[in-house]
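Inspection log for the structure reproduced underneath, given as structure tokens.
The values are calculated or read from the model by the stated rules, or taken from the named source; none is laboratory data. From a predicted model like this one, the values you see are computed outputs, not experimental measurements. Backbone-built Cβ (ideal geometry, glycine too); neighbour counts: all protein chains shown. In case anyone asks, the SASA skips ligands and DNA or RNA and just uses the protein heavy atoms, side chains included. Shrake-Rupley method; radii C 1.70, N 1.55, O 1.52, S 1.80 Å.
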Amino acid sequence: MPDDLFLRRTVIGGETAPNDYLVIWDDLSIGRIHSSPGLGGHDVWNWSCALASVPQRSHHRGCADTLNQAKTQFQKAWDDLKAQISYDQIQKARAIENDNSRPWHKR
């Protein structure tokens, strides 16, 4: 399996928002990185690394001052999560992601 992570614009309700990305690994969504208003008027980059059906640990999400910092922190969290999951858990996450009966797939 490849180790590369890719960013793809997040689409919610057919719309994309600036600075909002899904993180993709091996054609599977494993998290999100997006900016939001922070204290003092500067944007904060929030990131969250997760796999469907696997409980998310608190150190698999956080915030950073820049997109590059968020990507670096996300990569560390993904490396940690990937070391703990099984092939079966990855397959289950793929099945959940491809289940078009889920409410967010309905129009």
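Remarks
- With every protein chain in place, region 1-53: carbon and sulfur % of accessible area (1.4 Å): 53 percent
- Accessible area expressed per residue, the chain, with surrounding protein chains retained (probe 1.4 Å, Å²): 66 Å²
- In sequence order, region 15-21 has phi-based couplings of 10, 10, 10, x, 6, 9, 10 Hz under the Karplus curve 6.51 cos²θ - 1.76 cosθ + 1.60, θ = phi - 60°, and Gly or Pro positions carry x.
- Rounded tilt (10° steps) of 67-84 against the dominant C-alpha axis of the chain: 30 degrees
- The number of Lys pairs in the chain with C-alpha atoms less than 23 Å apart, excluding pairs fewer than 8 positions apart on the same chain, is 4.
- Crossing angle, helix 87-97 versus the chain [Cα axis fit, 0-90 degrees, rounded to tens]: 70 degrees
- Length-normalised contact order of region 6-95 in % [C-alpha pairs under 8 Å, at least 6 apart]: 18 percent
- Pairwise label distance in nanometres, Ser53 with Leu28, each label 7 Å out on the Cα-Cβ vector: 1.0 nm
- Projecting the Cα atoms of Ile12, Gly38, Gln84 onto the charge dipole of the chain, computed from C-beta unit charges around the Cα centre, puts Ile12 farthest toward the positive end.
- Measuring only protein heavy atoms, the 1.4 Å probe finds Asp43 accessible over about 80 Å².
- Each Lys and Arg Cβ is given +1 and each Asp and Glu Cβ -1; about its Cα centre, the chain then shows a dipole of about 300 debye.
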